[in-house]
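The values are calculated or read from the model by the stated rules, or taken from the named source; none is laboratory data. In this text, all values refer to a predicted model and were calculated from it rather than measured experimentally. Cβ: placed from backbone, ideal geometry, glycine included. Neighbour counts: every protein chain shown. Accessible surface areas use protein heavy atoms only, side chains included; no ligands, DNA or RNA. Shrake-Rupley method; radii C 1.70, N 1.55, O 1.52, S 1.80 Å.
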Amino acid sequence: MSAAGVDVVVSGGRVVTSTEVIDTSVAIKGGRIVALGESTALPRADRVIDATGKYVLPGLIDCHLHVGPEYDDWRTAPLAAARTGLTTLLPFVVYDDGESVPAAVKRLREEAEALSVLDFGMHMILNHEPHVLDGLAEAVTLFMTYKKRPKRMVSDEFIAKTMERLAALGGLCQLHCENGDVLCYLEDKAIAAGRTAPTDFPATCPDWTEEEAINRAILVGRLTGCPVYVVHLSTRLGLERIKRAHAEGQRVWTETCPQYLLLTDKEMERWGPFAKIGPPLRPAGGPDGNALWGGVEHGHIATVASDHSPRVPAAKEPGRKNIFVDPQGRPIPFGAPSLETLVPLMWSEGVARRGLPPTWMARVMAENPARIFGLYPRKGAIRVGSDADLTIWDPEPEWTIDKAQHLGIAGFTPYEGWTVRGRPWTTLVRGQVMLSSSGELEQKPGFGRFLARGGPQPPLGGSVR
């Protein structure tokens, strides 16, 4: 290769950014994008990838999933994600009892660097323990619910103290917004009344409990000057409160997930405890799903993520008799798999079926996650100087979701038998082919790198069409 040559040129495809679709080629050298332009004007390449008939998107990011001992591990989750077109993961993680946040980040980083095939960052979940405030990372997560999980639910005072410290650090506070005291009260009432079937669960988590908690989070964010990120938004009521914060100029951003866009509480009849997630699936025929689709189209919802939180079947099965607690009084766990269906469902249901432009995918699953979580423009963009992370997408194939093709521990998918349109054709991570056009992964566990992050940047808003 001459000094003027490049490593890879991706040509023939339609390059998709968060704002436009253009016919151009991408030149890559040393793991970064070095030029965009007509292929005939680009330097000679060692490898040319002909993406004719395909869309070339920025490498897609899942900014909300759970990795750890209770879930898929650092080897399995990235391998599963890489097969679906994702190139970066930002999972939620936890520290051990008595462990500081910096020590936990160091331990988990070493574990993940040895096992992850994809680049990764971390969101640290904080329990209600004052000592953890002494070593906050740039992005942490607080739970305003799950009162029956020791130390998981935090007080408003703890939220305020956390936000105050994060604001001084230039960080971001993520929150699971449901009123945990009210949910606990309603759950105990249901148990006392014998209403413990899986179909009894959603009613114990009414929509207003999400809105109320979002309101508190927004007001504490305003008090402390801390940016607020509401995870897995599930209701129209919550969305309206966030839109009001936007109108008032506050830094409040939110995500939603495929399960809230596509599924309803009717899944409790089919899947029982396996469909128990938090927040719950919302009522069939209700206003929430359509409101959320409107939110992602018009830019009020900045990102779409999986909230992948699989559980082994044995942990879920006791919920068939009592959806709240097992015979030993332990809570039936929340969570369902979503990582391996995130990208195909969002393309198929959002772009192919509902007519959202491909730029929408680049916005909500690449640029906006990178902006909010301090990775832009290294990640989330197709521009000179960015990491050469690309998701090359074939919009034509039609196929059926089948749990037998999945790698995760859950053993099921709520989308079993769904027909979807489009699938990943090739992906690149830092200029190296990750997923080949034959469907094989060319990189091995340990290829992934830890991503140091900066402060949040406002996401792109406004209508996508």
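For Val10, the accessible surface of its heavy atoms amounts to roughly 0 Å² (probe 1.4 Å, protein chains only, rounded to the nearest 10).
Under the 0.36 nm per residue contour assumption, what length would be gained going from the current alpha-carbon distance of Val325 and Ala352 to full extension? Could the numbers behind the result be given before it?
Values: separation 27, 0.36 × 27 = 9.72 nm, distance 4.07 nm.
In short, 5.7 nm is gained.
At q = 0.13, 0.19, 0.23 Å⁻¹, what log₁₀ I(q)/I(0) does a Debye calculation on the Cα points of region 335-421 give, no solvent, two decimals? So the normalised log intensities work out to -0.53, -0.97, -1.12.
Taking the Kirkwood radius as Rh and the Cα radius of gyration as Rg, region 230-284 has a ratio of Rg/Rh equal to 1.09. Convex hull of alpha carbon positions in region 1-75: directionally averaged projected area 7.1 nm².
When the helix-only estimate is applied to the chain (DSSP H runs of n ≥ 4, each -39,500 (n - 2.57), divided by the residue count), what is the mean residue ellipticity at 222 nm, nearest 500 deg cm²/dmol? Present the calculation step by step, with values, prior to reporting the outcome.
Numbers: 13 runs with 117 residues, N = 465.
Counting only the DSSP helices, I get -7000 deg cm²/dmol.
With the simple spin-label model, which puts each label point 7 Å out from Cα in the Cβ direction, the His246 to Ala41 separation comes to 3.6 nm.
Diffusion of the chain by Stokes-Einstein, at 25 °C in a medium of 0.890 mPa s and with Rh set to the Kirkwood radius over alpha-carbon pairs, works out to 110 µm²/s.
Accessible surface for region 380-465, divided over its residues, is 44 Å² per residue with a 1.4 Å probe. Put simply, the amide H of Val6, placed in the peptide plane, has neighbours under 5 Å in Arg44, Ala45, Asp46, leaving out anything fewer than 5 places away on its chain. Under a 5 Å amide H cut-off, with hydrogens placed 1.01 Å from N, Gly374 pairs with Gln457 among residues at least 5 apart or on other chains.
Size check on region 182-305: the Cα extents along the three principal axes, sorted descending, read 46, 29, 20 Å.
Extending 7 Å from Cα along the Cβ direction at Leu133 and again at Ala114 yields two label points whose distance is 3.5 nm. Candidate membrane-span-like segments in the chain, meaning DSSP H helices with Cα atoms spread over at least 24 Å of their own axis and a Kyte-Doolittle mean of -0.5 or above, are 207-224, with no membrane implied. Averaging the sequence gap over all C-alpha pairs within less than 8 Å and six or more residues apart, then dividing by the number of residues, gives region 193-272 a relative contact order of 35 percent.
Cα centroids of region 236-301 and region 31-51: 41 Å apart. For region 16-152, the convex hull drawn through the C-alpha positions has a volume of 163 cubic angstrom per residue.
Counting only protein heavy atoms and using a 1.4 Å probe, what share of the accessible area of the chain belongs to carbon plus sulfur, as a whole percent? All intermediate terms of the calculation are to be shown ahead of the outcome.
On the way: 8730 of 17400 Å².
The nonpolar share, carbon plus sulfur, comes to 50 percent.
Take region 112-229 with all the other protein chains still there, run a 1.4 Å probe, and you get 37 Å² of accessible area per residue. For the pair Lys161 and Asp23 in one chain, pulling the backbone fully straight at 0.36 nm per residue adds 44.7 nm over the alpha carbon distance.
You can think of it this way: the chain between Ser437 and Ile191 has 83.4 nm of extra reach, that is 0.36 nm per residue less the Cα-Cα gap.
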